Amino acid sequence: MPTYDYKCPKCGTVFERVQKMTSSPKSRCPKCGATAQRLISGGHGIVFKGSGFYETDYKRPSEKAKHEKRKARDEGGTSGGAGGSEKPASPKPDSSQAKPKAD
């Protein structure tokens, strides 16, 4: 059942009620007892509550290892190897400097 927000026009109290979608939108203020108005919400997406939900939580062990290697590489700032343990490739000589110009 969805949760609806209500606001009391008399005292300004904002509160929530869990109601069926088919039930009437009438509810009483818990403080003063006046008929409250249902607030229009923009709708909500999925809300994850808890200590955290991570991309690696439900992966297979092989995919988790690939993710950890990629994460270590990205954090280390190197372009190759796991965790930056491999030596970077030696730079190739520039072809314009290797050949002398003929006049």
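The values are calculated or read from the model by the stated rules, or taken from the named source; none is laboratory data. Predicted, not measured: the structure shown is a model, and the values here were computed from it. Here the Cβ positions follow ideal geometry from the backbone for every residue, glycine too, while neighbour counts run over all protein chains shown.
If S62 satisfies every condition in (1) among the hydroxyl-bearing types (S, T, Y); (2) at pLDDT below 85; (3) assigned to a loop (DSSP other than H, G, I, E, B) but one, which is the exception?
Tallying (1) among the hydroxyl-bearing types (S, T, Y); (2) at pLDDT below 85; (3) assigned to a loop (DSSP other than H, G, I, E, B), S62 fails exactly one: (3).
Cβ-Cβ below 7 Å, separation at least six or inter-chain, first residue in region 63-77 and at positive phi, second exposed (fewer than 13 other Cβ atoms within 10 Å of the Cβ) and assigned to a helix (DSSP H, G or I): which pairs?
Filtered contacts from region 63-77: no entries.
Restricting attention to region 2-38, report how many residues are surrounded by 13 or more Cβ atoms within 10 Å (Cβ to Cβ), part of a strand (DSSP E or B) and not hydroxyl-bearing (S, T, Y).
8
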